[in-house]
1. Ignoring ligands and nucleic acids, what accessible area does residue 33 show with a 1.4 Å probe (Å², nearest 10)?
2. Provide the solvent-accessible area of residue 12, counting protein heavy atoms only and rolling a 1.4 Å probe, rounded to the nearest 10 Å².
3. Can you send over the carbon and sulfur percentage of the accessible area for segment 1-98, probe radius 1.4 Å, protein chains only?
4. What FRET efficiency comes out for residue 72 versus residue 13 if R0 is 22 angstrom and r is the Cβ-Cβ distance? Round to the nearest 0.05.
5. Whenever you get a sec, line up 99, 38 from highest to lowest accessible area (probe 1.4 Å, protein heavy atoms).
Amino acid sequence: MDHNHPMKQRITRIIRLDGARMTDRSATHHYLREALDFPDYYGNNLDALYDLLTEPGAPVKIILSDTAALLEHQPDYGQALLQVLEDCDTANPDLRVEFREGPQSDRSYRVSLK
C-alpha cells in the first residue's frame, strides 16, 4: 500500500467497515453492497468487489476494523477478502485501505499473503 502517493493524500471520504458483521459470504457481500453504496449489478463476489473498487473516482479511505472477527467466522474467505482489498489499494491510486485487528484498534496492518 503506497500511502505516500499524491492521490492517497487527499482523501475526501472515509468508509468504516466492521469485520464482525461479515459472518458468511452472503452477509459479507450484502454488508459491502450497502456500506460501499454499490450499484444493483454488484456481483456479490470478490471479482466484482475488485472491479468496482479499482474504478477511478473520488479519493476514498476504507478502514476495516475487527479483522480478527472476520477471520474467525470465515478463515479462508476472510483472508481472500483482505487480499483483494489490499490489491485494490495497490491498483487504485484513489483508494486507501487500512486493516485493524480489533474493533477499537488504532493500529493498522498489512496483509502478508504475497
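The values are calculated or read from the model by the stated rules, or taken from the named source; none is laboratory data. Not measured: the values here are computed from a predicted model. Reconstructed Cβ throughout: ideal geometry from the backbone, glycine too, with neighbour counts over all protein chains shown. Remember, those area values only see protein heavy atoms, side chains included, never the ligands or the DNA or RNA. Shrake-Rupley method; radii C 1.70, N 1.55, O 1.52, S 1.80 Å.
1. 60 Å²
2. Around 100 Å² of this residue is reachable by solvent.
3. Numbers: 2340 of 4910 Å².
The nonpolar share, carbon plus sulfur, comes to 48 percent.
4. Numbers: r = 29 Å, r/R0 = 1.30.
Given R0 = 22 Å and the Cβ-Cβ separation, E is 0.15.
5. Sorted by accessible area, descending: 38, 99.
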